[in-house]
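*Asks:* Could you have a look at this structure, given as structure tokens, before my questions?
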Amino acid sequence: DAKTTQPNSMESNEEEPVHLPCNHSTISGTDYIHWYRQLPSQGPEYVIHGLTSNVNNRMASLAIAEDRKSSTLILHRATLRDAAVYYCIRYSSASKIIFGSGTRLSIRP
Amino acid sequence: GAVVSQHPSRVICKSGTSVKIECRSLDFQATTMFWYRQFPKQSLMLMATSNEGSKATYEQGVEKDKFLINHASLTLSTLTVTSAHPEDSSFYICSAGPGQREQYFGPGTRLTVT
């Protein structure tokens, strides 16, 4: 049971920001929120993670709701190489990652 | 970031034979590694947790006698698909992490059973 809910697919235009939502309404206080993405025929790639505060790195930003029941991955300026399946994951101290169905992001040139 | 490798990247084998897939953590030690299977257009499904020096823990519905896991060192875990059949054809991915909160995934191994 992945216990996260994401839209099946999203489309965006190249060079525009993309906001990928994730619902994790049953998250516990110690669960981290991790985002991975997977390109075709490759293993998942780490994108970003956070606990309570918003996070930024060179790939993306992660906005976490104050009640932690949802989060949004933000790609500030989408490129064609960002087309992938994005997975939002609750990561507990047991360190076992259970994948949900993810969001397939398409980028229009 | 940390690197996890898999070998081979793709393999074709005949039905009834066994295939071994290796997963290595290249720049860190991992007492725990994870094995996943992914069918086309589907998400990753966790198969088992590989524990260094002890038996693997299998997820419900995964046959431990068919998918043999060995984690003999802190940098290597192997998955052997025994008596492979065409329905075992899939993309097998491992992951490992230097700590409890980080996981890095291998590039995957495409298994085709003819």
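The numbers here are math on the coordinates, done by the rules we state, and not lab data. Keep in mind it's a predicted model, so treat the numbers as computed, not measured. Neighbour counts are summed over all protein chains in view; Cβ atoms, including those assigned to glycine, are modelled from backbone coordinates with ideal geometry.
*Asks:* For the cross-link pairs B:Lys14/B:Lys66; A:Lys3/B:Lys41; B:Lys20/B:Lys41; A:Lys3/B:Lys55; A:Lys3/B:Lys20, which exceed 22 Å when the distance is taken from alpha carbon to alpha carbon?
*Replies:* Exceeds cut-off: B:Lys20/B:Lys41; A:Lys3/B:Lys55; A:Lys3/B:Lys20.
*Asks:* Please express the Cα-Cα pair-distance distribution P(r) of the protein assembly as shown as a list of whole percents, one per 10 Å bin, running from 0 to the bin with the greatest distance.
*Replies:* Per 10 Å bin, starting at zero, the Cα-Cα P(r) for the protein assembly as shown comes out as 8, 33, 34, 19, 5, 0 percent.
*Asks:* How many angstrom separate the Cα center of region B:59-114 from the Cα center of region A:44-60?
*Replies:* Between the Cα centres of region B:59-114 and region A:44-60 lies a distance of 27 Å.
*Asks:* Can you compute 3J(HN,Hα) from phi for each residue in region B:35-51, using the Karplus curve 6.51 cos²θ - 1.76 cosθ + 1.60 with θ = phi - 60°, rounded to whole Hz and x for Gly and Pro?
*Replies:* Calculated HN-Hα couplings, in order: 10, 10, 10, 9, 8, x, 6, 10, 7, 6, 10, 5, 9, 6, 10, 9, 10 Hz.
*Asks:* GNM, chain A, Cα, under 10 Å: largest mean-square fluctuation among A:Leu20, A:Leu73, A:Leu51?
*Replies:* So, out of A:Leu20, A:Leu73, A:Leu51, the one fluctuating most is A:Leu51.
*Asks:* What does the structure give for B:35-47 when I average, per residue, the other chain Cβ atoms found within 10 Å of the residue Cβ?
*Replies:* For peptide B:35-47, the averaged partner shielding equals 3.
*Asks:* Using the C-alpha atoms of region B:36-114, what convex hull volume per residue, in cubic angstrom, is computed?
*Replies:* Numbers: hull volume 8.6 nm³, N = 79.
Here the figure is 109 Å³ per residue.
*Asks:* Output the lone cysteines of chain B: those with no second cysteine's C-beta under 4.7 Å from their C-beta.
*Replies:* Unpaired cysteines in chain B: B:Cys13.
*Asks:* Moving on to the next point. Show the residues, 5+ positions off or on another chain, whose built amide H is closer than 5 Å to the amide H of B:Ala30.
*Replies:* Close amide H contacts, sequence-distant or interchain: B:Thr75.
*Asks:* In addition: Checking the cross-link filter: which aspartates and glutamates have an alpha carbon closer than 14 Å to that of A:Lys96, excluding same-chain neighbours under 8 positions apart?
*Replies:* Straight-line reach from A:Lys96, under 14 Å: A:Asp1, A:Asp31, B:Glu59, B:Glu102.
*Asks:* Going by how many other Cβ atoms sit within 10 Å of their own, how do A:Arg37, A:Arg81 line up, fewest first?
*Replies:* Ordered from fewest to most neighbouring Cβ atoms within 10 Å, A:Arg37, A:Arg81 come out as A:Arg81, A:Arg37.
*Asks:* A further question follows. Largest first and in whole Å, give the semi-axes of chain A's equivalent ellipsoid, each being the square root of 5 times a Cα gyration tensor eigenvalue.
*Replies:* After scaling each eigenvalue by five and taking roots: 22, 15, 12 Å.
*Asks:* Going toward the positive end of the dipole of the protein assembly as shown, with +1 on Lys and Arg Cβ and -1 on Asp and Glu Cβ, which of B:Val113, A:Ala84, A:Pro40 do you reach last?
*Replies:* Of the options given, the answer is B:Val113.
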